[in-house]
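Encoded as structure tokens, the structure appears first; notes follow it.
The values are calculated or read from the model by the stated rules, or taken from the named source; none is laboratory data. Computed from a predicted structure; not experimentally measured. All Cβ positions, glycine included, derive from the backbone under ideal geometry; neighbour counts span all protein chains shown. Just so you know, the surface numbers come from the protein's heavy atoms only, side chains and all, with ligands and any DNA or RNA stripped out. Shrake-Rupley method; radii C 1.70, N 1.55, O 1.52, S 1.80 Å.
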Amino acid sequence: SVETVEHLTSDYLQRPDVVPVGWRERTGTTFSTTELMQLEQDLVDLVENELTAGVAVAHPMALAASLEQRPSVSAEQAAVVAEMCTSGRGVEVLVAAAGTGKTFALDAARDAWRRSGHRVIGCALSAAAAQEMQGGSGIPSNTIAMLEVYLRRGREHLDARTVLVVDEAGTVGTRKLAPLLRTAANSGTKVVLVGDPKQLPEIDAGGLLGALAQRNPVLTLAHNRRQTD
């Protein structure tokens, strides 16, 4: 019953590890837990430490060849691909609105990294998103859950020659992203978080993609190439 839900909620909010973090006009006070807030801060610090990691830098000739083979690439897409492949940041944030050609840009980046001796793999929260990224960008992709299983069983590995692309990262909960980011940082793997904080949000506690986009350098695809009207 509603009364039972309200009673359980009231009891939960009395826990010492539950703290108020803000207020919204429609819903009132918002809460979080000390555990989640510490995890969020740890991940923000991790990403900031990875800004100068110097990983997965594509060779200029490989980058040029990749873009030359895609004459329809837009100036916006080319700039994003160039920055993504040469920044050396351990964690890259790509905010791509719907219809901006993110998979086409990722395909070009994959080609540039491949020509430079790097391996690119991908993952997403849903199987449909993983299949769509693989079909559109040529990046072998799995669900995050399956990737975690493969890593645990030794069927997959991350190293300094690997680039991991996480598609629709805005739908992935913070606790789900945390182990991937930590494993990648420990192994020297570059992570590319792709998504749009303005689209579908996380089901679990999230907000990491938006927080990183506000604090760190971010790549942006904004021009809609899918529709003209």
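Expressed as a rounded percentage, what relative contact order does region 1-53 have, with Cα pairs under 8 Å and six or more residues apart?
So the answer I get is 21 percent.
Of the heavy-atom accessible surface of region 18-58 (probe 1.4 angstrom), what whole percent is carbon and sulfur?
After summing per-atom areas, the C and S share lands at 49 percent.
Using +1 at the C-beta of Lys and Arg and -1 at the C-beta of Asp and Glu, which of MET61, GLY22, PHE104 has the Cα lying farthest in the positive direction of the dipole of region 1-145?
Ranked along the dipole, the leading option is MET61.
Highest GNM mean-square fluctuation, the chain, Cα pairs closer than 10 Å: which of GLY117, GLY22, GLY173?
Largest GNM mean-square fluctuation: GLY22.
By how many degrees, between 0 and 90 and to the nearest 10, does the Cα long axis of helix 102-115 differ from the longest principal axis of the chain?
Roughly 60 degrees, rounded to the nearest 10.
With the cut-off at 1.5 for a/c, could you classify region 47-151 from its C-alpha gyration tensor as rounded, prolate or oblate?
It is oblate, given that a/c is not under 1.5 and a/b is not larger than b/c.
Ranked highest first by average number of other Cβ atoms within 10 Å, how do 176-189, 101-114 line up?
Averaged packing, sorted descending, gives the order 101-114, 176-189.
Pairing the Cα long axis of helix 75-86 with the longest principal axis of the chain, what angle in degrees results, from 0 to 90 and rounded to the nearest 10?
80 degrees
Could you point to the residue in VAL2, LEU212, MET133 farthest towards the positive end of the chain's charge dipole, with +1 and -1 charges on the Cβ of Lys/Arg and Asp/Glu respectively?
MET133
Given H placed on each backbone N at 1.01 Å, which residues far from SER141 in sequence or on other chains put an amide H within less than 5 Å of it?
GLY122
Quick one: net charge around THR9, please, counting Lys, Arg +1 and Asp, Glu -1 for every other residue with C-beta under 12 Å from its C-beta.
Spelling it out: positives minus negatives among the neighbours equals -2.
How far is the Cα center of region 183-199 from the Cα center of region 4-63, in Å?
The two parts, judged by their Cα centres, are 15 Å apart.
Which value, in Å², gives the accessible area per residue of the chain when a 1.4 Å probe is used on the protein heavy atoms?
Accessible surface, normalised per residue, equals 53 Å².
Using unit Cβ charges (K, R positive; D, E negative) and no other charged atoms, how large, in debye to the nearest 20, is the dipole of the chain about its Cα centre?
The calculation lands at about 800 debye.
Mind ranking 127-139, 5-17 by how tightly packed they are, going by the mean number of other C-beta atoms within 10 angstrom, highest first?
Order by mean packing, descending: 127-139, 5-17.
Could you point to the label whose value was computed as semi-axes √(5λ) of the Cα gyration tensor in Å for the structure here, given [x] 34, 20, 16; [y] 32, 24, 17; [z] 46, 24, 18?
[x]
If you roll a 1.4 angstrom probe over the protein chains with everything in place, what fraction of the accessible area of region 158-229 belongs to carbon and sulfur, to the nearest %?
49 percent
Please determine, in degrees from 0 to 90 and to the nearest 10, the orientation of helix 2-13 with respect to the longest principal axis defined by the Cα atoms of the chain, where the helix direction is its Cα long axis.
Here the helix axis deviates by roughly 80 degrees.
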